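The structure follows.
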Amino acid sequence: MILALAGGVGGARLANGLARVLTPGELTVAVNIGDDFTHLGLPICPDIDTVTYTLAGRNNHELGWGIAGESWAFMDELRALGGPDWFNLGDRDLAKHMLRGEWLRQGQSLSQVTTELARRQGIPQVIVPMSDEPVRTVVLTDEGELPFQDYFVRRRCEPRFLSIRFDGAASANISPGLQSALADPGLEAIVVCPSNPVLSIGPFLSVPSILDALHSAKVPRVAVSPFIGGDAVKGPAAKIMRELGEQPGAACLVRYYCGIIDAVLCDHEDPAAGKVIDGMAFHATDTLMKDEADQQRLATEVLALARTLP
Ligand code: FO1
């Protein structure tokens with residue numbers, strides 16, 4: 001069984017590639033919840049939804065999030081009424097946020113809600129949140145503190161990124177599904193998807209019980225770099241790295257993943273390609289996933305690399 005840690009669009013794409021090359025019982029996808037927030041009283045879980053829609057084959061490719069073929073009547077009316085329209089909720093997407101909110105209010109855990117919503121969308125793989133307790137990414141910028149979606153969507157990542165905080169992380173616990181995947185005697189490898197190491201994987205590592213479990217995992221742990229040619233494929237990762245004084249590239253994963261990753265797949269042009277840095281071996285490949293065939297190819301290469309590691 002393969003455990004994939006995913007967040008954001010890049011994470012969902014590789015998770016989808018893994019889902020296509022593995023049987024359903026062979027893959028567990030643990031998803032970042034740091035981007036989650038409550039909007040208009042609704043619990044929004046962007047990374048869980050992007051992974052779920054992608055594995056269900058109904059992801060909106062143009063937007064990178066939400067449902068393909070979405071309609072926006074709700075947003076039209078909300079805007080006409082002068083409501084907050086910086087965060088777009090599609091009509092179909094809305095049905096899921098409402099159902100999730102109802103089930104959470106009835107006392108179901110985020111894991112239970114996530115599993116049931118995936119099942120009802122015909123997804124056979126196991127998708128679990130990293131934790132059932134809230135962990136909320138807060139970005140400290142030159143304009144002050146911004147909850148993640150305010151920074152990422154409302155302000156379009158324009159404020160200068162100074163540092164980041166994961167509220168709730170210290171008291172959050174690893175989710176049951178992630179815990180059992182890591183304890184599964186059939187676990188073969190851990191794959192850290194090409195997600196933003198700070199924004200999307202950082203929340204996982206901020207929860208002590210998750211970090212400890214990843215440190216002590218006895219299986220090969222492979223990461224795919226989200227950087228190509230010194231920039232990020234999508235999202236603000238390269239801008240954030242530069243604002244953190246880092247060179248955007250696979251080598252910066254050494255700092256963020258030290259002790260939890262044994263090998264990295266990075267792009268051919270990446271300066272780290274072919275090197276071993278602080279015990280992390282960097283292997284070059286074409287890491288850009290333009291389509292599902294690329295997703296499957298990269299997934300196959302990740303699994304092949306993992307199987308060469310002790
Ligand atoms: N991203 C945007 O850039 N604009 C939006 O209006 C927006 C709405 C939205 C609604 C539901 C959802 O699940 C995701 C949404 N996203 C939107 C994407 C979201 O901000 C990102 O997917 C993650 O938080 C970062 O990976």
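Mind counting the residues in the range 41-60 that are more than 12 Å from the ligand (Cβ to nearest atom) and open to solvent by less than 10 Å² (accessible area, probe 1.4 Å)? Steps first, answer last, please.
As a first pass, look at the range 41-60 and keep what is more than 12 Å from the ligand (Cβ to nearest atom): 41, 55-58.
If we keep only those that are open to solvent by less than 10 Å² (accessible area, probe 1.4 Å) as well, we get none.
Of the residues in that region, 0 qualify.
Can you say whether L14 is surrounded by fewer than 17 Cβ atoms within 10 Å (Cβ to Cβ) and in a helix (DSSP H, G or I), as far as the supplied structure shows? Please lay out each step first, then the result.
Numbers: surrounded by fewer than 17 Cβ atoms within 10 Å (Cβ to Cβ): no; in a helix (DSSP H, G or I): yes.
For L14, the condition - surrounded by fewer than 17 Cβ atoms within 10 Å (Cβ to Cβ) and in a helix (DSSP H, G or I) - is not met.
I've got another one for you. Filter the range 61-76 for residues that are within 10 Å of the ligand (Cβ to nearest atom) and either open to solvent by 70 Å² or more (accessible area, probe 1.4 Å) or at pLDDT below 95 (or both) and give the result.
L63, G64, W65
Being within 14 Å of the ligand (Cβ to nearest atom) and among the aliphatic types (A, V, I, L, M) is the filter here, so list the residues in the range 131-157 that pass it. If you could, list the steps in order and put the result at the bottom.
The initial filter retains those residues of the range 131-157 that are within 14 Å of the ligand (Cβ to nearest atom), namely 135-139, 146-157.
Answer for the range 131-157, where residues must be within 14 Å of the ligand (Cβ to nearest atom) and among the aliphatic types (A, V, I, L, M): V135, V138, V139, L146, V153.
Can you report the number of residues in the range 137-150 which are open to solvent by less than 80 Å² (accessible area, probe 1.4 Å) and either within 13 Å of E243 (Cβ to Cβ) or not in a helix (DSSP H, G or I) (or both)?
First, pick out the residues of the range 137-150 that are open to solvent by less than 80 Å² (accessible area, probe 1.4 Å): 137-141, 144, 146-150.
Subsequent filtering for residues that are either within 13 Å of E243 (Cβ to Cβ) or not in a helix (DSSP H, G or I) (or both) retains 137-141, 144, 146-147.
Residues flagged as open to solvent by less than 80 Å² (accessible area, probe 1.4 Å) and either within 13 Å of E243 (Cβ to Cβ) or not in a helix (DSSP H, G or I) (or both) within the range 137-150 amount to 8.
Would you mention how many residues in the range 231-275 are open to solvent by less than 70 Å² (accessible area, probe 1.4 Å), of a type in the set (D, E) and at pLDDT 85 or above?
Residues in the range 231-275 being open to solvent by less than 70 Å² (accessible area, probe 1.4 Å), of a type in the set (D, E) and at pLDDT 85 or above: 4 in total.
Now for a different question. Just to be sure before I move on: is L199 surrounded by 18 or more Cβ atoms within 10 Å (Cβ to Cβ), free of Cβ contacts under 8 Å to residues at least 24 places away in the same chain and within 16 Å of the ligand (Cβ to nearest atom) in the structure I sent? Write out each step before concluding.
Values: surrounded by 18 or more Cβ atoms within 10 Å (Cβ to Cβ): yes; free of Cβ contacts under 8 Å to residues at least 24 places away in the same chain: no; within 16 Å of the ligand (Cβ to nearest atom): yes.
When the stated conditions are applied, L199 does not pass them.
Among the candidates F87, F74, single out the residue that is among the aromatic types (F, W, Y), more than 22 Å from V191 (Cβ to Cβ) and in a helix (DSSP H, G or I).
Working: F87 fails: in a helix (DSSP H, G or I).
The match here is F74.
Tell me, please, whether a residue that is β-branched (V, I, T), part of a helix (DSSP H, G or I), at pLDDT 95 or above and more than 11 Å from the ligand (Cβ to nearest atom) can be found in the range 115-127. If you could, list the steps in order and put the result at the bottom.
Kept after step one, since they are β-branched (V, I, T), are these residues of the range 115-127: 115, 123, 126-127.
If we keep only those that are part of a helix (DSSP H, G or I) as well, we get 115.
Going one step further and asking which of them are at pLDDT 95 or above, we end up with 115.
After this cut, where a residue has to be more than 11 Å from the ligand (Cβ to nearest atom) as well, the list is 115.
Within the range 115-127 (the criterion being β-branched (V, I, T), part of a helix (DSSP H, G or I), at pLDDT 95 or above and more than 11 Å from the ligand (Cβ to nearest atom)), the answer is yes, since at least one residue qualifies.
Do you know which residues across the range 151-182 are in contact (Cβ under 8 Å) with a residue 24 or more places away in the chain, open to solvent by 10 Å² or more (accessible area, probe 1.4 Å) and within 14 Å of A30 (Cβ to Cβ)?
Of everything in the range 151-182, those that are in contact (Cβ under 8 Å) with a residue 24 or more places away in the chain, open to solvent by 10 Å² or more (accessible area, probe 1.4 Å) and within 14 Å of A30 (Cβ to Cβ) turn out to be N173, I174, P176, G177, Q179, L182.
Next question, about the same structure. Is the range 23-40 home to any residue that is in a loop (DSSP other than H, G, I, E, B), open to solvent by less than 60 Å² (accessible area, probe 1.4 Å) and out of contact with any Asp or Glu (no Cβ under 9 Å at 6 or more places or on another chain)? Before you say what the answer is, go through the steps one by one.
Taking the range 23-40 as the starting set, the residues that turn out to be in a loop (DSSP other than H, G, I, E, B) are 23, 32-36, 40.
Now drop any that are not open to solvent by less than 60 Å² (accessible area, probe 1.4 Å), which leaves 32-36.
Narrowing further to those that are out of contact with any Asp or Glu (no Cβ under 9 Å at 6 or more places or on another chain): none.
No, that holds for no residue.
With the structure loaded, tell me whether E102 is part of a helix (DSSP H, G or I), free of Cβ contacts under 8 Å to residues at least 40 places away in the same chain, open to solvent by 30 Å² or more (accessible area, probe 1.4 Å) and more than 16 Å from the ligand (Cβ to nearest atom) or whether it fails that test. It would help to see each step written out before you state the result.
On the way: part of a helix (DSSP H, G or I): yes; free of Cβ contacts under 8 Å to residues at least 40 places away in the same chain: yes; open to solvent by 30 Å² or more (accessible area, probe 1.4 Å): yes; more than 16 Å from the ligand (Cβ to nearest atom): yes.
Taking the combined requirement at face value, the residue satisfies it.
Among the numbered criteria (1) of a type outside the set (D, E, K, R); (2) away from the ligand (no atom under 16 Å from the Cβ); (3) surrounded by 23 or more Cβ atoms within 10 Å (Cβ to Cβ); (4) at pLDDT 95 or above, which one does C193 miss?
(2)
Mind listing whichever residues of the range 253-305 are assigned to a helix (DSSP H, G or I), within 18 Å of P226 (Cβ to Cβ) and of a type in the set (S, T, Y)?
The initial filter retains those residues of the range 253-305 that are assigned to a helix (DSSP H, G or I), namely 253-256, 292-305.
Next cut, within 18 Å of P226 (Cβ to Cβ) only: 253-256, 294-295, 297-299, 301-302, 305.
Y256 - this is the single residue of the range 253-305 that is assigned to a helix (DSSP H, G or I), within 18 Å of P226 (Cβ to Cβ) and of a type in the set (S, T, Y).
Name the residues in the range 294-310 that are open to solvent by less than 70 Å² (accessible area, probe 1.4 Å) and out of contact with any Gly (no Cβ under 9 Å at 6 or more places or on another chain), would you?
The answer is E301, L303, A304, L305, A306, L309.
The values are calculated or read from the model by the stated rules, or taken from the named source; none is laboratory data. If you're wondering where the values come from, they're calculated on a predicted model, not measured in any experiment. Note that we place each Cβ from the backbone using ideal geometry, even for glycine, and neighbour counts take in every protein chain shown. These accessible areas exclude ligands, DNA and RNA; they are computed on the full protein's heavy atoms, side chains included. Shrake-Rupley method; radii C 1.70, N 1.55, O 1.52, S 1.80 Å.
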